[in-house]
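Engineer: Below is a structure I'd like to ask you about.
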Amino acid sequence: MSNDLARAARDLVRGLDRAALATLLPAGCSAEGAAWPYASLVLVSVDHDLSPILLLSDLAEHSKAIAGDGRVSLLFDGTQGLDQPLTGPRVTLVGRADRTTEQRLRHRFLARHPDAEMYAGFKDFAFYRVAVERAHLVAGFGKIRWLSAVELLGDAMADGLAAAEPGIVAHMNEDHADAVQLYAAKLLGFAGEGWRMTGIDAEGVDLRCGGQIGRLAFDAPLTAAEQARGVLVDLAKRARAT
């Protein structure tokens, strides 16, 4: 059961491109002059190990809060469109945020959010990586569980895939755009033209078309980057046969 819940949590987190970020505003920011919890909407991408990647302005309240206390939480809400939202899934990741200049993380975020390229290079913007310590999953009534970082990630990592990802994504978008379009239209049932791949991890691929995103899960997790080509070819064949 714990493995199923961890997979459900990973699927939810990877399938969303935004979250509610909560930080602790430093003393003096509230009317009472005490430190105070603060939450607002942020765009997010997640790394292969499920570490959230954020792009924040130095002027944002969150940046000021993180500078004083790196402890944060991120709520990923999967209840949109449900008549009874409390029966739907949501995951809160708890961890510590630090600034990062790692180019791979920058690339992964901007692939997920291409419009952010307009301001990502401004001097008063910075990328942050959140090192996850725990996750709280509510998968519906009675399906509630705290997961450690180790339990959350499980075996959902593929050797060499993080390094190979930019090349794989570029190759698919430049040389096999028709296959990416088929993934979205035939396997996920999405309308619209111009779908692009924005990422690939051990458990699936991420797609985007304008403001719409899609997540196509693999039948079985990859264990090495070399397996990606075969899986993507098989998905294209399946899409064409649909």
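The values are calculated or read from the model by the stated rules, or taken from the named source; none is laboratory data. In this text, all values refer to a predicted model and were calculated from it rather than measured experimentally. With ideal geometry, Cβ positions are generated from the backbone for all residues, glycine too; neighbour counts draw on all protein chains shown. These accessible areas exclude ligands, DNA and RNA; they are computed on the full protein's heavy atoms, side chains included. Shrake-Rupley method; radii C 1.70, N 1.55, O 1.52, S 1.80 Å.
Engineer: Principal axes first, then extents: for the Cα atoms of the chain, list largest minus smallest coordinate on each axis, whole Å, largest first.
Structural biologist: So the extents along the principal axes, rounded to whole Å, are 64, 46, 35.
Engineer: Not counting ligands, DNA or RNA, and with a 1.4 Å probe, what is HIS48's accessible surface area in Å² rounded to the nearest 10?
Structural biologist: 10
Engineer: What are the residues whose amide H is under 5 Å from the amide H of THR198, where those residues sit 5 or more places off or on another chain and H is modelled from the backbone?
Structural biologist: Result for THR198 returns ASP206, LEU207, ARG208.
Engineer: Starting from the residue with the highest accessible area, list LYS237, LYS123, LYS186 in decreasing order, probe 1.4 Å. Don't jump to the answer; show the numbers that get you there.
Structural biologist: On the way: LYS237 130, LYS123 200, LYS186 100 Å².
Most to least solvent-accessible, the answer reads LYS123, LYS237, LYS186.
Engineer: Provide GLU226, GLU61 ordered by accessible surface of protein heavy atoms (probe 1.4 Å), highest first.
Structural biologist: GLU226, GLU61
Engineer: Return a whole-number percent for the relative contact order of the chain, with Cα pairs under 8 Å and 6 or more residues apart as the contact set.
Structural biologist: Numbers: 449 pairs, mean separation 41.8, N = 242.
Relative contact order here is 17 percent.
Engineer: If you don't mind, there's one more thing I want to ask. Roughly how many Å² is the accessible area per residue of the chain, as a whole number, for a 1.4 Å probe? Mind showing how you got there, number by number?
Structural biologist: On the way: 12270 Å² over 242 residues.
Roughly 51 Å² per residue, with all protein chains present.
Engineer: Mind ordering 201-207, 155-161, 187-193 by average Cβ neighbours within 10 Å, highest first?
Structural biologist: Values: 201-207: 23.0, 155-161: 16.3, 187-193: 12.0.
My ranking of the peptides, most packed first, is 201-207, 155-161, 187-193.
Engineer: Mind grabbing the base-10 log of I(q)/I(0) for the stretch 10-130 at q = 0.11, 0.13, 0.15, 0.20 Å⁻¹? Debye formula, identical points on the C-alpha positions, no solvent, two decimal places.
Structural biologist: Taken in order of the listed q values, log10 I(q)/I(0) reads -0.39, -0.53, -0.70, -1.12.
Engineer: Just from its helices, what would the mean residue ellipticity at 222 nm be for the chain, if runs of 4 or more DSSP H residues each count -39500 (n - 2.57) and the sum is divided by every residue, rounded to the nearest 500 deg cm²/dmol? Provide the component values of the computation, followed by the final result.
Structural biologist: Values: 7 runs with 71 residues, N = 242.
Calculated from helices alone, the mean residue ellipticity at 222 nm is -8500 deg cm²/dmol.
Engineer: Taking N as the number of residues in the stretch 106-190, what is its alpha-carbon radius of gyration divided by 2.2 N^0.38 Å?
Structural biologist: Numbers: Rg = 17.7 Å, N = 85, 2.2 N^0.38 = 11.9 Å.
Rg over 2.2 N^0.38 Å, computed on Cα atoms: 1.49.
Engineer: How high is the relative contact order of the stretch 1-112? Use alpha-carbon pairs under 8 Å, at least six apart in sequence, and give a whole percent. Could the numbers behind the result be given before it?
Structural biologist: Numbers: 168 pairs, mean separation 29.4, N = 112.
Once divided by the residue count of the stretch 1-112, the mean separation gives 26 percent.
Engineer: On to the next question. With unit charges on the beta carbon (Lys/Arg positive, Asp/Glu negative), name the residue among LEU56, THR92, ALA111 whose Cα is farthest towards the positive pole of the charge dipole of the stretch 20-125.
Structural biologist: So the residue furthest toward the plus end is ALA111.
Engineer: What fraction, in whole percent, of alpha-carbon pairs in the stretch 66-162 exceed 23 Å separation?
Structural biologist: Tail of the P(r) past 23 Å holds 44 percent of the pairs.
Engineer: Any chance you could run the full-extension gain for THR79 through GLU151? It's 0.36 nm times the residue separation minus the Cα-Cα distance, nm to one decimal. All intermediate terms of the calculation are to be shown ahead of the outcome.
Structural biologist: On the way: separation 72, 0.36 × 72 = 25.92 nm, distance 2.32 nm.
Contour length minus the Cα-Cα distance gives 23.6 nm.
Engineer: Order PHE218, PHE141, most accessible first, counting only protein heavy atoms with a 1.4 angstrom probe. Could the numbers behind the result be given before it?
Structural biologist: Values: PHE218 15, PHE141 155 Å².
So the residues, ranked largest to smallest area, are PHE141, PHE218.
Engineer: Moving on. What does the accessible area of SER45 come to, in Å² to the nearest 10, when a probe of 1.4 Å is used?
Structural biologist: For SER45, the solvent-accessible surface is approximately 10 Å².
Engineer: Also: Can you give the accessible area of SER40, probe radius 1.4 Å, in Å² rounded to 10?
Structural biologist: 40
Engineer: Moving on to the next point. What part of the accessible area of the stretch 31-121, given as a whole %, is carbon or sulfur when the probe is 1.4 angstrom? Spell out each step's value before the answer.
Structural biologist: Working: 2550 of 4770 Å².
Within the stretch 31-121, the accessible surface is 53 percent carbon and sulfur.
Engineer: Under the definition of Cα pairs under 8 Å and six or more residues apart, what whole-number percent is the relative contact order of the stretch 173-238? Mind showing how you got there, number by number?
Structural biologist: Values: 78 pairs, mean separation 16.1, N = 66.
Result for the stretch 173-238 is 24 percent.
Engineer: Label points 7 Å out from Cα along the Cβ direction at GLU102 and ARG7: separation in nm?
Structural biologist: In this crude label model, GLU102 to ARG7 measures out at 2.6 nm.
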